[in-house]
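Heads up, the thing below is written out as structure tokens.
Here, each number is a calculation from the coordinates, and none is a lab measurement. Every value quoted in this text rests on a predicted model; they were computed, and no experiment measured them. Cβ sites come from the backbone with ideal geometry, for glycine too, and all protein chains shown count toward neighbours.
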Amino acid sequence: MESIQFSKEENIGFWKNLILVSIFFIATPLTLGISLYSLFSLKTNTLAKEVMESTNVLTSPKSGIRVYASLPTKFPEVSEEVTAADARPEMVKQYLAYYKSPLVPLSDFIVQTADKYSLDFRLITAIAQQESNLCKIIPPETFNCWGWGIHKNGTLGFSSYEEGIEEVSKGLRNEYLNKGYGTVEEIMSKYTPSSNGSWAHGVSQFMGEME
């Protein structure tokens, strides 16, 4: 009887060990597979999150992140004051050239003299247009394109166009603007008081053409 009982216990032990071994070999690969899958999924999600965050940097940059764009390293500097000042002689020159005026070579001098006496750079040229068709209709050898000092008692003449530009500019400053004649209409009231307004209209129109 004892030998038979011993054999049954051995059989039970054998099958128990076999089952445990089988469970080990089945569970271990399964556990390993689940672990690898979980690790792979976590890494994939992390990578995807990083890619998504890097894509959104341009629209919503995070603190500490610098966003660079392909921009010029040096921008040109443009001075409006210099550009405007440099353009004035050319504007006057083109205007004079269009009407074939003998004053064309003096466009720089006209602007410089206007600055000297703090005048609108267009005023002298516009008055010359109104009075003499830009020096094409003047008393012979007077170089007086502005009707300056021309009256029934005689005609004022200058030795050159340059002298005329200088003297008329100075006279407009000292005898007109400094005495309160600040608009074209007010200048007309003293410059040519007999005008019905056409003088001021013409001068204003010619100044506008040089804008």
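So the values come out like this:
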item	result
Gained length - H201 relative to D86, 0.36 nm times residue gap less alpha-carbon distance	38.6 nm
Virtual spin-label span in nm between E209 and E186, 7 Å along Cα→Cβ	2.7 nm
Förster-model FRET efficiency, 30 Å R0, S194 and E141, C-beta, rounded to 0.05	0.70
The range 122-211: trypsin sites (Lys or Arg not before Pro) falling in loop per DSSP and having at most 16 other Cβ within 10 Å	K136, K152
Too-long pairs where the Cα-Cα distance tops 19 Å, listed order kept, from K100/K136; K170/K190; K93/K136; K116/K170	none
